[in-house]
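Undergrad: Sharing a structure here in structure tokens format.
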Amino acid sequence: MRKVSRYAKEKGVSPIIANILMVAITVVLAAVLYVIVSGMMPPSKPLTNIAIVCNKIGSTTDYKCSIVSADSGADFTAVGIQVRSGGSNIANWTAPIAYKNGERPSDTVSTPVASAKVVDNGDGKFGIGDDIYLSPEPNRSLSGLEVKISGTGGDGVTTIP
């Protein structure tokens, strides 16, 4: 006598359909998790625009770059100054700004390309109305290079004439 199992006639879901269902459930769960987590993140602040102008100083090879304006959110407590050629940095200075009476800290801010001196024009803080003096090293020219000043949350770029 042959025994017949009572489960023999029931059919399950095919392995292909099972895999498709598992992938679909995983994608839906990942999307739900993304929506939940992205709602918890603080909104990002828009970048601040900083306007700078560079002019040659007399008949020398030196340039004076001035910050002429900045959006209200500009923070100059940590400033990066870069001289770039074709978008690539060739000189880079980064330091907290703590200038008093027009004097920069004792740290040297020179590279094989140029040296920079930051001058506060009176309020004890680096920012709008202050100047950066760039002096090329011997046998170098800064003409045509870009100067980029970066404050916390924003930056500005200009081309040296």
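Undergrad: Pulled fully out, how much extra length does the chain show between S135 and S38, if you take 0.36 nm times their separation in residues and subtract their Cα-Cα distance?
TA: Details: separation 97, 0.36 × 97 = 34.92 nm, distance 4.68 nm.
This chain segment gains 30.2 nm when fully extended.
Undergrad: May I pose another question? For S115 paired with I20, estimate the spin-label separation in nm (one decimal), with each label point 7 Å from Cα along the Cα-to-Cβ line.
TA: 7.3 nm
Undergrad: Next question. How many nm separate the modelled label positions at V157 and S85, each set 7 Å beyond the Cα in the direction of the Cβ?
TA: 1.7 nm
Undergrad: Tell me, E146, E137 in order of fewest to most beta-carbon neighbours within 10 Å? Before the final figure, lay out each step's value.
TA: Working: E146 19, E137 14.
The most exposed by this proxy come first: E137, E146.
Undergrad: So, counting K/R as plus one and D/E as minus one, what does the shell of residues with Cβ under 9 Å around L134 add up to?
TA: Working: positive: K64, K117; negative: D62.
Summing Lys/Arg as +1 and Asp/Glu as -1 gives +1.
Undergrad: Hey, another quick one. Based on the Cβ-Cβ distance from A31 to T60, what FRET efficiency comes out when R0 is 41 Å, to the nearest 0.05? Write down the numbers at each step before the final one.
TA: Working: r = 61 Å, r/R0 = 1.49.
So, using R0 = 41 Å, E works out to roughly 0.10.
Rule-based calculations on the coordinates, nothing more; no lab input. Quick caveat, the model's predicted, so the values are computed rather than measured. Glycine also receives a Cβ, built like all others from the backbone with ideal geometry; neighbour counts cover every protein chain displayed.
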